[in-house]
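Chemist: This structure is in structure tokens; I'll ask about it shortly.
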Amino acid sequence: MRLDGQMVIVTGAGQGIGYAIAEAFARAGGVVAIAEINPETGQDAAERLARQRCAACFCHVDVRDKESVQAMVRDFEARYDRVDVLVNNAGMVAVGPSVDFPEETWRASIDSLLTGTFFCCQAVAPGMIRRRSGNIINISSCAAMGGWPMRAAYNAAKAGVVALTQVLAVEWAQHNIRVNSIAPGVTLTESTQKIVAAGLADQRGYERRTPLGRLAKPEEIARVALFLASDAASYITGETIRVDGGWVAYQYF
Ligand SMILES: NC(=O)c1ccc[n+]([C@@H]2O[C@H](COP(=O)([O-])OP(=O)(O)OC[C@H]3O[C@@H](n4cnc5c(N)ncnc54)[C@H](O)[C@@H]3O)[C@@H](O)[C@H]2O)c1
């Protein structure tokens with residue numbers, strides 16, 4: 001699947017799933033913006049791609065801040081003419097009991113995962129509507145599809161991303177813009193490793209609970225994103241594809 005000449009923005013692409021998506025899209029011929037809040041990882045990711053002879057740049061953004069998002073998209077469009085594909089991947093995960101979950105952490109989670117996704121969609125939409133062409137991929141989670149203890153803000157935000165995907169897909173289909181989402185299962189990234197190291201999650205437990213018996217690799221999520229971005233998915237919109245090793249399907253014990 002090729003994305004030759006496609007102009008792409010991937011948020012939160014300094015590491016993890018976002019980086020894997022940026023790398024897959026750049027290797028497929030796309031021109032990719034690493035849209036990141038962390039300048040160190042963002043710059044480093046863009047350089048890693050450049051060393052592979054891929055077209056990539058770092059764009060600083062805080063997706064929680066509408067001004068910052070609008071400026072990032074404006075600058076990218078000024079430099080590369082348009083945004084063909086947007087991947088909303090940035091966000092944070094916070095784990096803790098609901099009874100005294102801090103208001104500040106609740107707001108930060110919803111702002112980065114759900115509101116940030118909406119701001120980015122809003123920022124690219126006018127150009128996509130003008131050109132009657134666009135492709136948006138939102139990263140949700142299999143956590144949106146059931147109750148996980150200690151993750152009230154995260155699960156609610158990710159369920160919101162599934163609903164937002166459906167609303168924008170039906171609203172913008174008339175403009176030939178496709179909007180889909182991916183619901184990854186537990187994926188071996190820096191943030192998962194941190195949560196495991198902090199004793200807030202049990203990697204072996206996740207593996208036992210997953211029918212395929214292992215965590216996802218970031219590249220396995222990236223391959224599905226590449227499919228959704230490509231013409232192979234030209235009649236898919238409003239869809240959420242689970243890439244979870246059977247996690248949600250499993251209901252037995
Ligand atoms: N890792 C998993 O198990 C898993 C499972 C399902 C869904 N997801 C989702 O996939 C996405 C990526 O997950 P990951 O594990 O690679 O995460 P990660 O924490 O490793 O990477 C997230 C990136 O987003 C950036 N970011 C955070 N807040 C930002 C903001 N306000 N503006 C711009 N950038 C910001 C971070 O700096 C980081 O580079 C997230 O949306 C996550 O919820 C992850």
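Chemist: State the extension gain, in nm to one decimal, for the chain segment bounded by Ala232 and Ala156, taking 0.36 nm per residue of separation less the distance between their alpha-carbons.
Modeler: Taking 0.36 nm per residue and subtracting the Cα distance, the gain is 24.3 nm.
Chemist: Could you go through segment 80-87 in sequence order and give the Karplus-derived ³J(HN,Hα) for each residue, using 6.51 cos²θ - 1.76 cosθ + 1.60 with θ = phi - 60°, rounded to whole Hz, and x for Gly and Pro?
Modeler: With coefficients 6.51, -1.76 and 1.60, one gets 10, 6, 6, 10, 8, 9, 10, 10 Hz.
Chemist: Residues in segment 10-25, backbone N under 18 Å from the label point at Ser191 (7 Å along the Cα-to-beta-carbon vector): list them, ranges by number please.
Modeler: 10-23
Chemist: With θ taken as phi - 60° and the coefficients 6.51, -1.76 and 1.60, list the Karplus ³J(HN,Hα) couplings across segment 121-128 in order, rounded to whole Hz; mark glycine and proline as x.
Modeler: 4, 4, 5, 8, 4, x, x, 5
Chemist: Sequence-distant or interchain residues sharing an amide H contact under 5 Å with Ile241, placed H: which?
Modeler: Ser181, Ile182, Ala183
Chemist: Another question, if that's okay. What distance in nm lies between label points placed 7 Å from Cα along the C-beta direction at Glu47 and Glu103?
Modeler: 4.2 nm
Chemist: What number comes out for accessible area per residue over the chain if the probe is 1.4 Å? Units Å², please.
Modeler: Here the residues of the chain average 47 Å² of exposed surface.
Chemist: Restricting to Cα atoms and excluding each atom paired with itself, what does the Kirkwood estimate give for the chain in Å?
Modeler: Evaluated on the chain, it is 18.1 Å.
Chemist: Let me ask something additional. Note the angle between two axes, namely the Cα long axis of helix 39-51 and the longest principal axis of the Cα atoms of the chain, as a number of degrees from 0 to 90, rounded to the nearest 10.
Modeler: It works out to around 60 degrees.
Chemist: With θ taken as phi - 60° and the coefficients 6.51, -1.76 and 1.60, list the Karplus ³J(HN,Hα) couplings across segment 13-22 in order, rounded to whole Hz; mark glycine and proline as x.
Modeler: Residue by residue, segment 13-22 yields 9, x, 7, x, 4, x, 5, 4, 5, 4 Hz.
Chemist: Compute the signed sum of charges (Lys and Arg +1, Asp and Glu -1) over the other residues within less than 14 Å, Cβ to Cβ, of Ala157.
Modeler: So the environment of Ala157 carries a net charge of +3.
Chemist: Continuing with this model, one more query. Using per-residue counts of other Cβ atoms within 10 Å, averaged over each peptide, order 245-251, 45-51 from highest down.
Modeler: Top of the packing list down: 45-51, 245-251.
Chemist: Let me ask another. For segment 137-236, state the average projected area of the convex hull of the C-alpha atoms over all orientations, rounded to one decimal in nm².
Modeler: 7.1 nm²
The values are calculated or read from the model by the stated rules, or taken from the named source; none is laboratory data. Just so it is clear, the structure is predicted and the values come from calculations on it, not from any experiment. Counting neighbours? That spans all protein chains shown, and the Cβs are built from the backbone with ideal geometry, glycine included. Calculation scope for accessible area: heavy atoms of the full protein, side chains included, ligands and nucleic acids excluded. Shrake-Rupley method; radii C 1.70, N 1.55, O 1.52, S 1.80 Å.
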